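Below is one structure, written out as structure tokens; comments come after it.
The values are calculated or read from the model by the stated rules, or taken from the named source; none is laboratory data. All of these numbers come straight from a predicted model, not from anything done at the bench. For neighbour counting, all protein chains shown are included, and Cβ atoms are generated from backbone atoms with ideal geometry for every residue, glycine included.
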Amino acid sequence: MAKLYYFVQKEIRYVSIKGSLGTGLSGHPASETFEKRYGDCVDKAVLLSTMLKVIGVEAYPVSVNTNDSDRAPVEIPSIYSNHAITEVHLNGEVFYLDSTSTYYRYPYFRADDQGIPVINEIKGTINEIPVMPPEHNWNMYSLTMELNENGDAVITEKNNYHGEYEAGLKDYYSYYSSDEMRRQIFRNMANDFAPGAEFEYYKMSPIDYETPFSMEYKFKVNGYPFIADDLFILNPRPKKFEFPEIAGSTRRYPIEYNTSQRTDNKVELIIPENFSVRYLPPKFSYKDDYVEYNAEFKVEGKKILYSDTFKRFKRIIPAKDYKKYREVLLRIQEYSADTIILQKTGGEER
């Protein structure tokens, strides 16, 4: 199934040619799309469904209105839709694949296909495509920082991606494919983390359909912490949480995301032998129907270990729940910006 999913994404160019109302709604025969190697969303959905049936998998082209548009009316008969995808029935489960886009690793599919009605004209059914679990849109940031007694740091960051963001990054780096362009991108990323950073190298996984996307880069920073006498103040998190959607204190309308989200941070900070830990932010743990956040610092010898996990389960945050939702995200945002304080051993207590 995965091979067929990748084939239609990669080998069938998105070109829409409609000669009649019939081809607009029902697409072209699968054999024609396969032979010509192009088609629109309907053509791709028909082709993928047909190819899956050939290998014994029940599948159908289905109609949707993506979640960045109006919700499709299902109370009365209608042909109102702006997209077509594939509905798969396998081992008692129903799931969806969207072969119109590119670089979506099986079984992931586009975020704007989630949390919407889906019409299967062949079976005569109307269902709801659920919002996928946060793990289907999961970014993992892992950072190792070695700090010397002058405040200079050697930093290596390794990131892994799943779902929507993974597909977007693969598409991005397939366009910026030269080593020179990529080095400049990673150089900019290093300087976003710490202005004046000295970039050393980058590595990334192959830009293909099957390999989970990951990247790694290393850089040096002179004088990374803020230094006040014998105190070193720094925030080592690779991903600081910011939520611009909660800028306003009130809302009249709901917040609408494309899908759910999960983001993890992991940090290993190696400090000099003559340093001690003066302050670490306390453990943070919270969960409700919309979000979950867990974060904790630990000390193991001369290593400070940090991990956090942020999950947002829902796509839509109703206006009636905005106040509480905003309060929670503000707390997470504030915690994410909090610093740690190190002290040279033998420094005076304040």
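Within the range 323-337, residues that are assigned by TED's automatic domain parsing to the domain that holds PRO254 and closer than 17 Å to GLY248 by Cβ reach partners that are assigned to a helix (DSSP H, G or I) and of a type outside the set (D, E, K, R) with beta carbons closer than 7 Å, at six or more positions or on different chains, in the pairs ARG326/ILE246; LEU329/ILE246; LEU330/ILE246.
Strands (runs of 3 or more DSSP E) fully within the range 117-196 that include at least 1 residues being of a type in the set (Gly, Ala, Ser) and either in the same structural domain as GLU210 (by TED's automatic domain parsing) or within 29 Å of VAL88 (Cα to Cα) (or both): 138-147, 153-161.
Can you pull out every residue in the range 248-273 that is part of a loop (DSSP other than H, G, I, E, B) and touching a helix residue (DSSP H, G or I) at 6+ places or on another chain (Cβ under 9 Å)?
Of the range 248-273, the ones part of a loop (DSSP other than H, G, I, E, B) are 248-254, 257-260, 271-273.
Matches in the range 248-273: GLY248, SER249, THR250, ARG251, ARG252, TYR253, PRO254, TYR257, ASN258, THR259, SER260.
Residues in the range 265-302 that are of a type in the set (A, V, I, L, M) and surrounded by fewer than 17 Cβ atoms within 10 Å (Cβ to Cβ) were compared, and the one that is farthest from ASN159 (Cα to Cα) is VAL277.
Out of TYR217, TYR209, which single residue is aromatic (Phe, Trp, Tyr) and assigned to a loop (DSSP other than H, G, I, E, B)? Exactly one of TYR217, TYR209 is aromatic (Phe, Trp, Tyr) and assigned to a loop (DSSP other than H, G, I, E, B), namely TYR209. Sub-9 Å Cβ pairs linking a first residue in the range 233-255 that is within 14 Å of LYS324 (Cα to Cα) to a second residue that is small (Gly, Ala, Ser), at least 6 apart or interchain, are THR250/ALA319; ARG251/ALA319; PRO254/ALA319; ILE255/ALA319, ordered by first then second residue. Of the numbered criteria (1) in a strand (DSSP E or B); (2) buried (at least 17 other Cβ atoms within 10 Å of the Cβ); (3) among the aliphatic types (A, V, I, L, M), the one ILE233 fails is (2).
Considering only residues that are farther than 22 Å from GLY115 by Cα, not acidic (Asp, Glu) and not in a loop (DSSP other than H, G, I, E, B), which ones fall in the range 49-74?
THR50, MET51, LEU52, LYS53, VAL54
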